[in-house]
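Report on the following structure.
The values are calculated or read from the model by the stated rules, or taken from the named source; none is laboratory data. Note that the coordinates shown come from a computational prediction; the quantities given were computed from them, not determined experimentally. Cβ: placed from backbone, ideal geometry, glycine included. Neighbour counts: every protein chain shown. Calculation scope for accessible area: heavy atoms of the full protein, side chains included, ligands and nucleic acids excluded. Shrake-Rupley method; radii C 1.70, N 1.55, O 1.52, S 1.80 Å.
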Amino acid sequence: MKNTILKQINDIGTKIGYPFYFYADGSFGKSIVSGKMNAIVVVKGKFTASDLKNECLAVWDDENLSFGEAVICLKEKMNFPIYIYSDGTCEKTPCFGGCSSVMVVKKSFIVREMTEKECQSVNSKIDHIAPKVPRAKWVMPKPVVNNPTPLQLARLEVARQALLEGVDLTYEEEEALVYFGTDEEVRAYFPYLECDELLIWKGNQNLLEEYIEDNCFYSEECKDVLAERCSDEVILKYFDNWLVDVKFMEKLLELGRFELIEKIQKVSSLNHPSALGEVARYVKAILKAGYPQLLKIQIQKYDDWFEDDVVLLVQSGNLEMIKYYLDYHRLCSAAQKELVKLANSQLIEMYQERYGFDADIAEMAKWRGLLSV
């Protein structure tokens, strides 16, 4: 009987998705690094074959051949890195016959692994691996402003007098005015506000909405505080009035403000350009952070996707979101190639039926046994 190494690897891919990684101790997972170990094998997609095909493996025509043993045999003839394609063939080049490899082996394994028994043992643990879930729901912090001290009240009176006389305020006087002045006084002081972060710490969301009609927050620290301490309504207003740096979106993702990110998409595309034609690449930031599931509204409402973002979406291996994208849009050539590399026959057949692959990519899919001839 032939070995079924690639079938065993497909079983893992079915459970945890692609890409996944093997480490030197024989374990595997979804991270490129595990503890102090870097991945030594990268599995990028599904195999259409169940066995490895290489002449130096002919003597190992054994169903119990482990993956580690096969790698050692291949090393004797091919050295590393070794590239394996979906049909099981092993080559020294990352691309062969117009197809890219779906697995890369960088070095030998220390242990004998992936025998049938080991595979079953590992698979029993896979069922209990928790999927990546969003953080707990974000809760807006309370304002930091407390009852004023006598010193702060004295500074407030000094600030009021200085404004009457047209004198610039010190930081302490500005702080007293913003924190403890009336809304009318703070509103009138908007054009002269030096430390606009004080307005965020004050926590008056109505004043913040009025302020950002004509004023942008410039410092990175200030934007972080804005993301941490402002309501959805204020931040939506901010996105509506200004081109917001991608780092701001990264901060929202870090804070777990996923509902807000979905609200932003309802009012504007995440690839919407400013009046000057600049575009903040929020979609790319979301995909790189590993949250393609946040982009359903973006997929449904907007067709201004960048081609490299679509490639990232397919490379994410999130089959639900890829299918959702295909329900609304066709793929660029580069993304079609990534879809073939992913080797999900259901998605490939669906795409061929609905849109049709480019001719050269269709041939690639047929050559790999993913499309009927």
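Checking each residue in the range 257-276 for being in a loop (DSSP other than H, G, I, E, B) and either touching a His at 6+ places or on another chain (Cβ under 7 Å) or not hydroxyl-bearing (Ser, Thr, Tyr) (or both) picks out Arg257, Leu270, Asn271, His272, Pro273, Ala275, Leu276. You will find that of Leu243, Leu270, Leu260, Leu287, the residue that is of a type outside the set (Asp, Glu) and closer than 25 Å to Pro143 by Cα is Leu260 and no other.
Whether a residue is open to solvent by 30 Å² or more (accessible area, probe 1.4 Å), over 20 Å from the mean Cα position of the chain (by Cα) and at pLDDT 90 or above was assessed, and Ser345 does not pass this test. For the range 287-307, which residues satisfy the criterion of being under 12 Å from the mean Cα position of the chain (by Cα) and either assigned to a helix (DSSP H, G or I) or not hydroxyl-bearing (Ser, Thr, Tyr) (or both)? Correct list: Leu287, Lys288, Ala289, Gly290, Pro292, Gln293, Leu294, Leu295. Residues in the range 308-327 include none that are of a type in the set (A, V, I, L, M, F, W, C) and part of a loop (DSSP other than H, G, I, E, B). Picking from residues in the range 227-256 that are not in a helix (DSSP H, G or I) and not small (Gly, Ala, Ser), the one that is farthest from Pro273 (Cα to Cα) is Cys230. Does Leu151 qualify as being open to solvent by less than 80 Å² (accessible area, probe 1.4 Å) and at pLDDT below 95? Here the answer is no, as Leu151 does not meet what is asked.
The residues of the range 210-226 that are open to solvent by less than 50 Å² (accessible area, probe 1.4 Å) and not in a loop (DSSP other than H, G, I, E, B), listed by number, are Tyr211, Cys222, Lys223, Val225, Leu226.
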